């Protein structure tokens, strides 16, 4: 099943009307000096139980926001990583006073937006519903019921997420990079696995709530159409009885950057892209005197589509769809890392080592070469614009006040923000780069096909590539085991495993119906076949046909959202002639394909023969279990106008039908998106007619 992706590019052009006066356009007008920003101060008061309240009055609309923020030092989950995620799934779904259904009904009744989570909660509502909204919010916060049913639902969700980790190289790289940057003994470096997730109990969630939810380690932000007198009254009424308690402070070692560069690699067999991160921990937050210079420096290096990295690897060399740097602040420790905007930065596999070289070169360049006056101006203008737009939101004003309190900043910190930006010089940017950019003290983490790993050894100070599994555990370098089996034997073993050629030959036609899940949405798939090579394949969602391909032995007809077409020759016709039936693998031996057994690879912890199939410039690698003979995976590589695209399909849950085993479950991953298909019915030898394939 092929996936067509349309990319809609919207370009917004703003034009300014020209001044009617005659202007000498050869002279650049001088910008007015930045002024102190007029920001309304938050009004701050503290309840007797230690809850600190920040109020920003905004009478422009009859709306009010209450936001509770716990200020608890991150805790370690240790052998129960997944506790925090499950807490968010269960907390606040049911209370002692409301069922899940009643709670949702009451929230909808007053059109309130809100919810609670591990770090607090919020409620946003019309002022006329003030008391009702706060009663609901505090009911969720102070009267939670930790339901086993909700716990099981959350557990199922995260088990599904864990099963898909290996589908996306970017996610794998992020997972390993976080552990290497922070270490498993620091909250940011802990990794959820099936084992740690299944060790979490409902009692663990209750214990977390009883230990860490307290007013004396929290801040309450109130924004909207409410006076200080009203805010004090409501805060006292709904939050004043919340009892303070001693909250333990977790003790752990703050991570540091490696003394020299290290290279980590995770193997993703057959991957046509490599996901790269160059990362390390760095002390960085609002307390740092050069915070603004560092943020502007990051903007120039890789903070946007005009950054040095993007212009080099994307615009100049076309190795990637997007690559950016992320200098992230953290209360204890921050980090530098790469991103594509979604996961780790992905590059063409053949350019893996070259891309790492260019990334480190750009890191080195911004340290050694002063940025240009224009680069500095553009970055300052961008950040100043974002800041100015943020002032339109009263919630941001309130958060400014929280930051000033949390980080002990000067009272005029945000008032003077634009002045600080304007005062920055290229020397300031270069100094920030020297402090925060570490091209020789980084983890270089890559996920891709192992054939590209050895070339990365030159970037490690010790000349070695360290190997990791998808759970960031160190492992031995994977090897491709030598085999003494032919491609024909692999195919024949598969045919025998699914029932044998005699049973296959008895199937004259069939109809398969299945359910599909993609991007959180459900759909339906259907496939029919009639000897010798008539077939249909269709996919629909919500009753709407997405695509249908019908081949009557001569004409291939395609219909659906991409339009209608008919063709009698070409690659698609040749492909569909041989790609249908219960066992199209038999066609590999007769249709002119070149078959090569490349060795034995581990697929989902099971040894499998890697069979490469090449024909007409296209290729795929299929993996057949050494033990059972069944097909476990297919990696199809297709050339597109945007480069090579890879589709990975895993097969499982083989069941016998009319003497032949069929995989009832398959999962396909294409460009980071997963398509899960479950077969719901199979009918064989039902007397399909040639006319059914028109």
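Indicate the gyration tensor shape class of the range 53-170 (rounded, prolate or oblate), computed on the Cα atoms with a ≥ b ≥ c the square roots of the eigenvalues: a/c under 1.5 is rounded; otherwise a/b larger than b/c is prolate and the rest oblate. Numbers along the way, then the final one.
Numbers: a/c = 2.10, a/b = 1.69, b/c = 1.24.
Judged from the Cα gyration tensor, the range 53-170 comes out prolate (a/c at least 1.5, a/b above b/c).
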Using alpha-carbon coordinates, inclination of helix 394-406 to the longest axis of the chain, degrees
70 degrees
Residue order, fewest to most surrounding Cβ atoms within 10 angstrom, among 347, 56, 37
37, 56, 347
What FRET efficiency comes out for residue 637 versus residue 419 if R0 is 45 angstrom and r is the Cβ-Cβ distance? Round to the nearest 0.05.
0.25
For Cα pairs less than 8 Å apart in space and 6+ apart in sequence, what is the mean separation divided by the residue count of the range 43-239, i.e. the relative contact order in percent?
41 percent
Compute the helix-to-body angle for 373-390: its Cα long axis versus the longest principal axis of the chain, expressed 0 to 90° and rounded to tens.
80 degrees
Give me the compactness ratio for the range 474-580, meaning the Cα radius of gyration over 2.2 N^0.38 Å.
1.44
Taking every Cα atom in the range 43-239, find the radius of gyration and the maximum pairwise distance Dmax, and write them in Å.
18.9, 55
What FRET efficiency would be calculated for the residue pair residue 654, residue 555, taking the C-beta separation as r and a Förster radius of 30 Å, to the nearest 0.05?
0.35
Residue 40-residue 505 pseudo-label distance in nm [points 7 Å out on the Cα-to-Cβ vector]:
8.5 nm
Quick check: residue separation of residue 211 and residue 381 times 0.36 nm, minus the Cα distance between them. What number comes out in nm?
56.7 nm
Sum -39500 (n - 2.57) across every DSSP H segment of at least 4 residues in the chain, then divide by the residue count to get the 222 nm mean residue ellipticity, nearest 500.
-8500 deg cm²/dmol
Please list, in order, the residues from the range 177-202 whose amide nitrogen is less than 19 Å from a point placed 7 Å along the Cα→Cβ vector of residue 71.
none
Please check which bits of the range 410-430 a label hung off residue 289 would reach, taking the label as a point 7 Å along Cα-to-C-beta and the cut-off as backbone N under 17 Å.
410-411, 413, 420-421, 423-425, 427-430
So the angle from the long Cα axis of helix 148-163 to the longest Cα principal axis of the chain, reported in degrees to the nearest 10, equals 60 degrees
Using label points projected 7 Å from each Cα along Cα→Cβ, tell me how many nm separate residue 254 and residue 513, to one decimal.
6.3 nm
Packing-based ranking, highest mean first, of 201-212, 477-488, 185-196 given that Cβ atoms within 10 Å are counted
185-196, 201-212, 477-488
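How high is the FRET efficiency between residue 605 and residue 199 when r is their beta carbon distance and R₀ equals 22 Å, given to the nearest 0.05?
Calculated transfer efficiency: 0.60.
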Kirkwood Rh and Cα Rg combined as Rg/Rh, the chain:
1.01
Ranked highest first by average number of other Cβ atoms within 10 Å, how do 295-301, 412-418, 62-68, 249-255 line up?
295-301, 62-68, 412-418, 249-255
List the relative contact order of the chain as a percent without decimals, with contacts defined as Cα pairs under 8 Å and 6+ residues apart.
13 percent
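Based on the inverse mean of 1/r over its pairs of different Cα atoms, what is the Kirkwood hydrodynamic radius of the range 487-693, in Å?
18.0 Å
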At 7 Å along the Cα-to-beta-carbon direction for both residue 361 and residue 225, put a label point, then send me their distance in nm to one decimal.
6.0 nm
Mean Cβ neighbour count within 10 Å, used as a protection proxy, ranking 272-280, 121-129 highest first:
272-280, 121-129
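All of the numbers you see were taken from the coordinates with simple rules; none came from a lab. Source: prediction; values computed, not measured. Note that each Cβ is placed from the backbone with ideal geometry, even for glycine, and that neighbours are counted across all protein chains shown.
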